[in-house]
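Okay, structure first, notes after.
The values are calculated or read from the model by the stated rules, or taken from the named source; none is laboratory data. Worth saying up front: this structure is predicted, and the values here are computed from it rather than measured. Heads up, the Cβs are rebuilt from the backbone with ideal geometry, glycines too, and the neighbour counts pull from every protein chain shown.
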Amino acid sequence: MAASSLRQSQALLFMQHCRHRHPSRLLLTTRQSSTSSPYAPSNFNHTPANTQSSSPAAEAQSASLTHSLPSSRPTYAHPQARKFAATELAGTKLTAWTWLKSLFGWRPTPTYKPAPFRANNNPYRARKQWPPDFNTLDPKQQFHFEKTYRRRAALKWARPAWNKSIKILQHTLITFTLIYFIFICEPSHGQGTPFDGFRAWFFDKLGMLGQLPESTRQEAGKLSEDAKKKLAATVDTSNSPTSS
């Protein structure tokens, strides 16, 4: 306590002394003190640190500086660490178990839930009016906003996986429909189909493939014969005279 009051009185005397001195004289004395100080750059040399200074003024200056320096660092420079004290944490009840867990660094989950954003309590206000008033915009700005809207709408509603699956389904249905009507479909009245000529040609070529099994080639031959018969019956019906 006495040391702190002594330092305060010394600081007050120094401030009063500086106020009453002339500025130019103060600058001159500061320069003189800096040149006479053992810590001035002009006094630095390559002599060992244990050599004694031959100048008595320098010895007196160093002695005064050493005497003016504090013997130890003040307590505020290295405060003592405070011990951990268990306190009532928000959202939890202080019990022996929670106190033990808090000693090992456990912290409870926060129970605070922010209020939902509304039009009246939204902290993130828009800096621009949206949508803008197109009546007050020139055509170039209108075109800019139109491109921006179309691009964002395309990105928003883009479904690449869904589109791919729909295309595969469409192509599969179209393929099976064509195969069914060209090779399988038979009208109930048995008068043939428009694809009988193509069926006869296709099954005839299929029966001549030697890489296929014998049963497959025989079945292709039968289908080719049936298609030829239906095609001949269709030709005869079209060439016969119409009944009156």
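List of remarks:
- Residue selected from region 163-196 under the condition touching a helix residue (DSSP H, G or I) at 6+ places or on another chain (Cβ under 6 Å) and not aromatic (Phe, Trp, Tyr), by the criterion farthest from Thr234 (Cα to Cα): Asp196
- The listed residue being among the β-branched types (Val, Ile, Thr), modelled with pLDDT of 85 or more and either surrounded by fewer than 13 Cβ atoms within 10 Å (Cβ to Cβ) or in contact with a Gly (Cβ under 9 Å, 6 or more places away or on another chain) (or both), out of Thr237, Thr175: Thr175
- All positions within region 166-186 that are part of a helix (DSSP H, G or I), more than 52 Å from the chain's Cα centre (by Cα) and of a type in the set (D, E, K, R): none
- Selection within region 197-233: residues that are under 60 Å from the mean Cα position of the chain (by Cα) and among the aliphatic types (A, V, I, L, M). The member of this set that is surrounded by the fewest Cβ atoms within 10 Å (Cβ to Cβ) is Leu212.
- Here Gly190 passes the criteria (1) on the phi > 0 side of the Ramachandran plot; (2) at pLDDT 95 or above except the one numbered (2).
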